[in-house]
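Structure, as structure tokens:
Just so it is clear, none of the values below were taken in a lab; they were calculated from the coordinates. As the structure is a prediction and not an experimental result, all values here were calculated from the model. Cβ sites come from the backbone with ideal geometry, for glycine too, and all protein chains shown count toward neighbours.
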Amino acid sequence: MSEKTKSGVGLWVVIGVVVLIILLMLWLTIADIFGDTDVAAFIAPVI
């Protein structure tokens, strides 16, 4: 692979990671606003 191709792939990986972090922060902020931060509520109890 040429140097240009390798750096292009790395750039897209960095952009993807940044977008995913922004989406995670947005999701957590909205969950906090609505008071829906109880993760254990989604786990079914073991009978």
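Given R0 = 30 Å, the distance between the Cβ atoms of T37 and I15 translates into a calculated FRET efficiency of 0.55.
Between L23 and V46, the FRET efficiency from the beta-carbon distance, with R0 = 25 Å, is close to 0.20.
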